[in-house]
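Have a look at the structure below, then the notes.
The values are calculated or read from the model by the stated rules, or taken from the named source; none is laboratory data. Since the structure is predicted, the reported quantities are computational estimates derived from the model, not experimental observations. Neighbour counts are summed over all protein chains in view; Cβ atoms, including those assigned to glycine, are modelled from backbone coordinates with ideal geometry. Calculation scope for accessible area: heavy atoms of the full protein, side chains included, ligands and nucleic acids excluded. Shrake-Rupley method; radii C 1.70, N 1.55, O 1.52, S 1.80 Å.
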Amino acid sequence: MALTFTTPNSHSRILSVGAYRPSRIIPNSEIVDRIDSSDEWIRERSGIESRRFAGPDESVISMALAASKQAISRSGLSVSDIDAVIVATITYPFQTPSAATELIMKLGNPKAAAFDISAACAGFCYGVGMAADLIRSGTATNVLVVGVEKLSDFTDPDDRGTAFIFADGAGAVVIGKSESAGIGPMIWGSDAESRDAILMTPSWIDLKAPGSVGWPDISMQGQTVFRWAVYQMAPVALKALDVAGLTPETLAAFIPHQANMRIIDAMAKSMKLPESVAIARDVRVSGNTSAASVPIAMDALLAERPDLHGKSALIIGFGAGLVYAAQAIELPQAPK
Amino acid sequence: MALTHDAVLAGIKEIVEEVAGIPAASIEMGKNFTDDLDVDSLSMVEVVVAAEERFGVKIPDEQVTELKTVGDAVNFIVSQAK
């Protein structure tokens, strides 16, 4: 006998966004000595003026919890309305159980479906795409998607390629059903031939061996990543717009992964975005928070430009793997 | 038709001026991109990609760090275009 069921929701949308920025503001002056650099050098190469580092009382989970509570509150839903939780992170310091299950315990919703995804700086956009499909298929009703990182735990403060870039923070969105199209098809994929361009070394196994080789840190081949991000990701972003029926001229906001201001500017130029498009440039004060950067930048942009609530945006994440994902979205309505 | 050194140098001058805002007149074969022209590592990537498109050559990432001077870039592009 054939299966009989219906797919109840034609569409889904982002109902709300929340963010948590750690309390410690770290200006470039606190970074420069160990990498023989200067404030001017960092600003020229990254656009970063300051970033946030978590303090001793701020963990991956405490930051995720704060961002999640804000997003749920702004959605008008209760914690118990959330039936699935997806956490995108590469810095939760336990192999298992997942960050998502610790988060739902702390949220007071321990029966929700919960899991983590490892897609580095693309993780949040992967999560948004998965949540949208879970809702459209009827598998889930309301999904919490969190991007959270404490990269300061896995960054070598003496590495000139990363010490001034990586930072900490959390962002979250609640995604639910919608009468109209709110999340476009996800354009995603990998360029795993360039897997070595961003790496954590050594492995946990190496760390266990006698004569330890030192703590794992994330290293990056800056030129390779810059070239890939600017010249390979701009076409991905344009394709995500196209499949959602948008063009650069009809787009309201562009919220790319906050990797580096130079990448953001070069992508916008390559995509020929008109001046009417608001571009998120939160990297200036938040640094690169990997999976957390898109929702944190979305929160910051909506705070700065409340008129963008309910307008179209393009989000794109790209990073270690190398992996990427992009989709056009309708930004959440202003919280009531 | 093979590219000449003069033609590639003229193209590189235009690209570096466009990408990094360096006046074309100050760009010579012996100039070091980093020390003399203040073209940083990320701008160098933009120069390389623009040169690839313009001259129809491939300049791999591992080669980019070897291109210290304008002359290095011109010679490499001419050698690849043959």
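Quick notes on this structure:
- Answer residue from the range B:32-49, given it is assigned to a loop (DSSP other than H, G, I, E, B) and crowded, with 17+ Cβ neighbours inside 10 Å and is farthest from the other protein chains (Cβ to nearest Cβ) among those: B:L37
- Against the test of being over 30 Å from A:H11 (Cβ atoms) and outside the structural domain of A:P56 (by TED's automatic domain parsing), the options A:D168, A:D191, A:D153, A:D158 yield a single qualifying residue, A:D191.
- Test: residue in the range A:203-225 that is more than 24 Å from A:F154 (Cβ to Cβ), open to solvent by 60 Å² or more (accessible area, probe 1.4 Å) and within 14 Å of another protein chain (Cβ to nearest Cβ): no
- Test: residue in the range B:64-71 that is touching a strand residue (DSSP E or B) at 6+ places or on another chain (Cβ under 7 Å) and assigned to a loop (DSSP other than H, G, I, E, B): yes
- Breaking point among (1) open to solvent by 50 Å² or more (accessible area, probe 1.4 Å); (2) away from chain A (no Cβ under 14 Å); (3) not in a helix (DSSP H, G or I), for B:E14: (3)
- Number of residues in the range A:24-44 that are in a helix (DSSP H, G or I) and open to solvent by less than 50 Å² (accessible area, probe 1.4 Å): the value is 4.
- All conditions in (1) in contact with a Leu (Cβ under 9 Å, 6 or more places away or on another chain); (2) surrounded by 24 or more Cβ atoms within 10 Å (Cβ to Cβ); (3) not hydrophobic (A, V, I, L, M, F, W, C) hold for A:P295, with the sole exception of (1).
- Residues (in contact with a strand residue (DSSP E or B) (Cβ under 8 Å, 6 or more places away or on another chain) and surrounded by fewer than 20 Cβ atoms within 10 Å (Cβ to Cβ)) located in the range A:108-117: A:A113, A:F115
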